[in-house]
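Heads up, the thing below is written out as structure tokens.
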Amino acid sequence: MESGYFVACWFLLSLPFCFPSRQLPFKIDEQADRDTSPFIFNSLFGLLKQWPNTLHPTGHSVVPVSIAPQTLLYHARLDAQLPSSPDWFGLSPEVGFSLPQMSPSGRPTYMLTYRAIRPLQVLVFDGLSAYPTKLDVGWLDNVATFIYGAGQRDTGIDRPAWGGLVEEFERARMLCQWAKTKDVDGFVRMNTGFEVIWCDFNSSAIQLVNHLNVTPPHHSVLNTLRLDPGTPDAPRALPFPFFSLSAFHEWARIYTAYNMAALPFLTLHPAGMVTYYNPRLASLSESRLGLRMAQHRIWPTVSKEDALSVRREVEDVVRRGYGVGSGTDWISLARLIVENWAHRIVHLRHALSDLISLPNSAIDITRALEQIQLLTYSPLMPYMDTTSTNATGQDLFFSATPLHPHGSGLDRCGSQYTKGLPLGTMTIQETLLKESMETVQGRICLDFGTIFAQSYDFSHSNAMPIGAWLERITNLSRYLDWPTDIGCEEVCGSDSVCALPLWPWEPLWPELHVDLIPACQKIDVFGGPETWRKLWTEKRTQDAC
């Protein structure tokens, strides 16, 4: 019995991307590099979002998720039988329908729609954890390490994934074997969109709503690969039934809706977020030095002790229940911090960059200074006591005052979102989130506060340290590595979506030092995946390095 959800070509075209970089050149600050706080924060912020998990594809976290009652789940296949267990659900019908249409077999396509009867308890593996490429890039490290309770050093297995449908079913079987006694219904993972490994299709937790033959009507056949067949590199033309054409781009329309928005009907429980970025996992610390988050690995260096401790921690989280914790909305707090600071950081960096590009004779020092003062003062304003009329910038932000002798502006800024949280009811996972959030917020406050104080106290008898300020804010951006500094250059038209180049429209190039740049892609109702592949090829040519 074949599951149409995963009947597709398991291939990636090895074409190197030569995209111009919009992200910053990576530079290592060793002290910051040993701090896992920004990685934990990024993992939290990116949960169940497409772009953060694509830009940081080697997931490091396992998080409890509840799927709400009445949520619809979709399973497509190439026969009329009910699925065996385990198998897959899509969270939208477009994903399940599209895969069989990409490799026409002449067989019918069936769509089974299920409804959740009760809250479904699942676990999410972050990153591109459902992207079983044959290339050894580590996207399934998280899943494989969890399954084996060990890594390469103790299993002797060089690579945790080789791609292929048979291996995917084996992973699902092993995960569900573990889940069987843990009251876990399944697992959420991401590739081009999100999927659910569902462990028991006979479970009373779900109800079959529809079981339909959704094979596209074969009233005509079109050639969707519209490249000039006379060109030497033209791909082989494949015939597609006319109504199959809707599959390719409707899938894209759906998955790009969640570029930076989390999926509906899925409730994260970050009070139980278990992460391989926990500082106690000493076997992974050294291997991250000198690497950006996208290049971090688990499998090659994790010790058996550390791997097993993560699995035991997940088991403890599941055992105590999904709702246990302080009730703090960690997802909203992370989002609030990013939304409050991301644009300000970029604005300040660009303002400083523009100033440093000018010759000294062309800089209006007074106006430049006022611009920097305003850009740094505004976000710090809520934390400064300005009662003293003759205070220096250093005093305003970094010193305690008679009215507030027990804390400075920096102290208040760094603990703004976490001070007063109910420590007594926090889980150990929440304590780690709190510490990471305070560290990240504190680093931002320190850097903005330093530039504010220096600009406020600046004497015109000295040279304005624009270069030092730019280096400070640039290093802050590198430290944070937030997935918010990318986007389509233009506003996409009503017939287009803003998308990263992902399979099946374009393979995600595995050399992770190459930055991925999104682009507006037209929803060409008469085109298959080769339409976008051609557009991205043309863009690479235009933007060649």
Quiz item: Which ones in the stretch 345-355 are surrounded by 16 or more Cβ atoms within 10 Å (Cβ to Cβ) and under 30 Å from Ala261 (Cα atoms)?
Solution: Ile345, Leu348, Arg349, Ala351
Quiz item: Can you tell me which residues in the stretch 54-77 are open to solvent by less than 10 Å² (accessible area, probe 1.4 Å) and in a helix (DSSP H, G or I)?
Solution: Thr54
Quiz item: For Leu13, all conditions in the list (1) of a type in the set (A, V, I, L, M, F, W, C); (2) at pLDDT 50 or above; (3) open to solvent by less than 70 Å² (accessible area, probe 1.4 Å) hold save one; what is the number of the exception?
Solution: (2)
Quiz item: Any chance the stretch 78-93 includes a residue that's assigned to a helix (DSSP H, G or I), out of contact with any Gly (no Cβ under 6 Å at 6 or more places or on another chain) and either closer than 25 Å to Arg312 by Cβ or of a type outside the set (A, V, I, L, M) (or both)?
Solution: yes
Quiz item: In this structure, does Leu358 turn out to be under 27 Å from Glu471 (Cα atoms), part of a loop (DSSP other than H, G, I, E, B) and either open to solvent by 50 Å² or more (accessible area, probe 1.4 Å) or modelled with pLDDT under 95 (or both)?
Solution: yes
Practice problem: Report, by residue number, each residue of the stretch 369-388 that is hydrophobic (A, V, I, L, M, F, W, C), part of a helix (DSSP H, G or I) and either out of contact with any His (no Cβ under 7 Å at 6 or more places or on another chain) or farther than 26 Å from Gly467 by Cα (or both). | Solution: Leu369, Ile372, Leu374, Leu380, Met381
Quiz item: Just wondering, is there one or more residues in the stretch 31-39 that are at pLDDT below 65 and not polar (S, T, N, Q)?
Solution: yes
Quiz item: Among the residues of the stretch 429-484 satisfying the criterion of being in a helix (DSSP H, G or I), within 20 Å of Phe397 (Cα to Cα) and of a type in the set (Gly, Ala, Ser), which is nearest to the chain's Cα centre (by Cα)?
Solution: Gly442
Exercise. Inspect all residues belonging to the stretch 301-324 and state whether any of them is farther than 22 Å from Gly149 by Cα and open to solvent by 60 Å² or more (accessible area, probe 1.4 Å).
Key: yes
Quiz prompt | Selection within the stretch 112-149 - under 30 Å from Asn213 (Cα atoms) and open to solvent by less than 20 Å² (accessible area, probe 1.4 Å) | solution = Leu112, Thr113, Tyr114, Ala116, Leu120, Val122, Ala130, Tyr131, Pro132
Exercise. Could you tell me whether the stretch 389-410 includes any residue that is without any contact (Cβ under 8 Å) to a residue 40 or more places away in the chain, closer than 24 Å to Ile337 by Cβ and in a helix (DSSP H, G or I)?
Key: yes
Quiz item: For Ala391, all conditions in the list (1) open to solvent by less than 30 Å² (accessible area, probe 1.4 Å); (2) in contact with a Pro (Cβ under 9 Å, 6 or more places away or on another chain); (3) not acidic (Asp, Glu) hold save one; what is the number of the exception?
Solution: (2)
Practice problem: Starting from the stretch 162-174, take each residue that is closer than 16 Å to Val196 by Cα and in a helix (DSSP H, G or I) and list its partners that are at pLDDT 90 or above and not polar (S, T, N, Q), counting only C-beta distances under 7 angstrom and pairs at least six apart or across chains. | Solution: Arg171/Val143; Arg171/Ile147; Ala172/Pro86; Ala172/Ile197; Arg173/Pro86; Met174/Ile147
Practice problem: Report yes if Ser459 is open to solvent by 40 Å² or more (accessible area, probe 1.4 Å), out of contact with any helix residue (DSSP H, G or I) (no Cβ under 9 Å at 6 or more places or on another chain) and modelled with pLDDT under 95, otherwise no. | Solution: yes
Exercise. Answer with yes or no whether Ala351 is part of a helix (DSSP H, G or I), out of contact with any Lys or Arg (no Cβ under 6 Å at 6 or more places or on another chain) and more than 22 Å from Met437 (Cα to Cα).
Key: yes
Quiz prompt | Test: Ile365 is within 22 Å of the chain's Cα centre (by Cα) and touching a residue at least 24 places away in the same chain (Cβ under 8 Å) | solution = no
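The values are calculated or read from the model by the stated rules, or taken from the named source; none is laboratory data. Since the model is a prediction, treat every value here as computed from it, not as a measurement. Note: ideal-geometry Cβ built from the backbone for every residue, glycine included; neighbour counts use all protein chains shown. What goes into the accessible areas is simple: the full protein's heavy atoms, side chains included, and nothing from ligands, DNA or RNA. Shrake-Rupley method; radii C 1.70, N 1.55, O 1.52, S 1.80 Å.
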